[in-house]
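What follows is one structure encoded as structure tokens, with my remarks underneath.
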Amino acid sequence: DLPRPSLSAEPGTVIPLGSHVTFVCRGPVGVQTFRLQRESRSLYNDTEDVSHPSPSESEARFRIDSVSEGNAGPYRCVYYKSSKWSEESDCLELLVKTEDVTWARPQPQLDPRACPR
């Protein structure tokens, strides 16, 4: 089985409205495609722009230049290697902060893929 990828956000998971965030998805060496998913897999970005920060690791970076309330919510990543897709990474919840409100997209309580509260 393929190892699960990891997902992180730079500079973090609470981003001021209009600022930028970069999602970093990491997997084993030899990944062909990384996919950043949200909203229970119906929205996603694929990239074949894969870099190798170490001999045993591949990564891809997904940048959002200007974060809006619509970018808030849960994200996961997967990758494609050896003719199959990996399992999903752990969930990462992006929060968008305005001056007086932090936006977190409400999630259905029964969806097992939703981020833990």
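Residues being among the charged types (D, E, K, R), under 30 Å from residue 99 (Cα atoms), out of contact with any Phe, Trp or Tyr (no Cβ under 6 Å at 6 or more places or on another chain) and not in a strand (DSSP E or B) are entirely absent from the range 44-64. The set of residues from the range 1-21 being open to solvent by less than 40 Å² (accessible area, probe 1.4 Å) and hydrophobic (A, V, I, L, M, F, W, C) comprises 2, 7, 9, 15, 21.
Counting only residues that are touching a residue at least 40 places away in the same chain (Cβ under 8 Å) and open to solvent by 40 Å² or more (accessible area, probe 1.4 Å), the range 42-64 holds 1 of them. A residue that is in contact with a Pro (Cβ under 8 Å, 6 or more places away or on another chain) and of a type in the set (Lys, Arg) can be found somewhere in the range 38-52.
Selection of the range 1-60 for residues being in contact with a His (Cβ under 7 Å, 6 or more places away or on another chain) and either among the polar types (S, T, N, Q) or farther than 15 Å from residue 82 by Cα (or both) yields only 58. Residues considered: 24, 31, 67. Of these, the only one that is surrounded by 14 or more Cβ atoms within 10 Å (Cβ to Cβ), assigned to a strand (DSSP E or B) and β-branched (Val, Ile, Thr) is 24. In the range 70-98, which residues are open to solvent by 30 Å² or more (accessible area, probe 1.4 Å), part of a strand (DSSP E or B), under 19 Å from residue 5 (Cβ atoms) and out of contact with any Pro (no Cβ under 9 Å at 6 or more places or on another chain)? If the condition is that a residue be open to solvent by 30 Å² or more (accessible area, probe 1.4 Å), part of a strand (DSSP E or B), under 19 Å from residue 5 (Cβ atoms) and out of contact with any Pro (no Cβ under 9 Å at 6 or more places or on another chain), then 80, 84, 85 are the ones that fit. Taking the range 1-40 as the range and being free of Cβ contacts under 8 Å to residues at least 40 places away in the same chain and either closer than 11 Å to residue 77 by Cα or among the polar types (S, T, N, Q) (or both) as the test, the residues that pass are 24, 26, 38.
The values are calculated or read from the model by the stated rules, or taken from the named source; none is laboratory data. Since the model is a prediction, treat every value here as computed from it, not as a measurement. Here Cβ is always computed from backbone atoms with ideal geometry, including for glycine, and neighbour counts include all displayed protein chains. Just the protein is used for accessible areas: all its heavy atoms, side chains included, with ligands, DNA and RNA removed. Shrake-Rupley method; radii C 1.70, N 1.55, O 1.52, S 1.80 Å.
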